[in-house]
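See below for the structure under consideration.
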Amino acid sequence: MTLNDLKIRICKPLERQIKLFDGNGLFLLATPQGGKYWRFKYRFAGKEKLLALGTYPEISLAGARQRRDEARKHVAQGVDPGALRKAQKQARTEATETFEVIAREWHSKFINQWSEGHAATTMRRMVLDLFPWIGNRPISEIKAPELLAVLRRVESRGVLETAHRIRTIAGQVFRYAVATGRAEHDISGDLKGALPQPQVKHHAAIIDPKEVGPLLRAIEGYNGGFVVKCALRLSPLFFVRPGELRHAEWAEVDLDEAIWNIPAQKMKMKQAHVVPLCRQAVAILTQLKDLTGRSRYVFPSERSFARPMSENTINAALRYLGYDRDTMTGHGFRAMARTILDEILHVRTDFIEHQLAHAVRDVNGRAYNRTSHLPERQKMMQTWADYLSGLKAGAVVVPFKTVKGS
């Protein structure tokens, strides 16, 4: 006898599970716990098999019969409905667990912990060098040789350092997939040593005081945009990373207290940083605020106050002044300060390292906070600015040896 809704509803849980048959292989499995499960029994390739069709009442009797009839058609056509469902599930899984899907998910999870520049660069590298080759592959099926082939393509363009960076990004995506249960192994780790190590190339910097003076005078003579000129003048006074400089916001700058507070998400080491402002820097910023104070950014783009200036602006301005990439870069102002403060002005190394926002730890291995040695760093920054003013004026500057150990 076939089933009807009344029979199904009045079926009560018993001590053991029972089967209520409807016909053509369809039956309802009622369990002692009160569950009611639709099942379809069929034979395929000489073997008896079961196919789950859902639960009652979520799937009605009419719905279960429809699903049974569809499965019977597949059997008649020589298709195993159980194997077909498994293949369809695998296809759906592969569509939602590809490398690109998981990489974009990973990127969105961590984007708030990165600087804008780092987030954009990471996504650009994935879009250009990872997604076209392995983006649509299920991440659990990608093998180390496939990733190596991707990295070899990048290496063949003569950008070995970029190939290493892309390997790092891929590794972060694979480890995220492992942590979320969608991959078993970070295959990037198997490629350790597979790529040649790039030669370390330091940012070009002028560190000879005799050459610093002409550079500072050239900056004073820069006749490009006023915002760019201010950024050039402040670069040696701040010696922050170029990305930190161009993303500076007025909300972070306190001219009265002579402090620039950089939030952790903008810093390479992800720790908040303080830049004491010397008198010269305050004077430049005060002038600049009359022009860009309505903008979010201290150094907005020439095209829109809603965006910071381009990452290439400082280096382009240096090229305009006649300094090629092998002589001076925006990043080189950090090396300039690091070298001269240590070797000429004899400032304590830990003060300098703090101001460079490098990882500095105390005797117990604990990281210093952003205000560590702040009075000493304020004094150092003013001493440094006065020293640069002397070089710019062409004076013979005597090193401040008394600063040592201050």
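The table below lists the values:
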read-out: From the coordinates shown, semi-axes √(5λ) of the Cα gyration tensor in Å corresponds to which of (i) 52, 20, 18; (ii) 67, 24, 20; (iii) 44, 22, 18; value: (ii)
read-out: Segments 23-29, 378-384, 216-222 sorted - mean Cβ within 10 Å per residue, highest first; value: 378-384, 23-29, 216-222
read-out: Positive-end residue, the chain charge dipole about Cα centroid, Cβ charges, pick of S389, H247, L285; value: H247
read-out: About the Cα centre, charge dipole magnitude for the stretch 298-362 (Lys/Arg +1, Asp/Glu -1 at Cβ), debye; value: 260
read-out: Mean separation of Cα contacts under 8 Å (6+ apart) over length of the stretch 1-132, as relative contact order %; value: 12
read-out: Cβ-defined net charge surrounding F21, 12 Å radius [Lys, Arg +1; Asp, Glu -1]; value: +4
read-out: Qualifying lysines (Cα of each under 28 Å from Cα of K392; at least 8 residues distant if same chain); value: K210, K229, K289, K379, K401, K404
read-out: Relative contact order for the chain, counting Cα pairs under 8 Å that sit 6 or more residues apart, in percent; value: 11
read-out: Calculated [θ] (222 nm, deg cm²/dmol) that DSSP helices of n ≥ 4 give over the chain, each run adding -39,500 (n - 2.57); value: -14500 deg cm²/dmol
read-out: Alpha carbon centroid spacing (whole Å) that separates the stretch 94-141 from the stretch 295-320; value: 28
read-out: Most positive-pole-ward Cα, N261, V347, L237, against dipole of the stretch 209-403 from beta carbon charges; value: N261
read-out: DSSP H segments from the chain that extend 15 Å or more along their own axis, Cα-based, with Kyte-Doolittle mean of 1.0 or above; value: 226-238
read-out: Burial ordering of C278, C11, C230, fewest other beta-carbon atoms within 10 Å first; value: C11, C230, C278
read-out: Summed residue charge, Cβ within 12 Å of Y37's Cβ, Lys/Arg positive, Asp/Glu negative; value: +2
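Taken together, the values in this text are just the output of simple stated rules run on the coordinates, not laboratory data. Just so you know, these numbers come straight off a predicted model, no measurement behind them. Backbone-built Cβ (ideal geometry, glycine too); neighbour counts: all protein chains shown.
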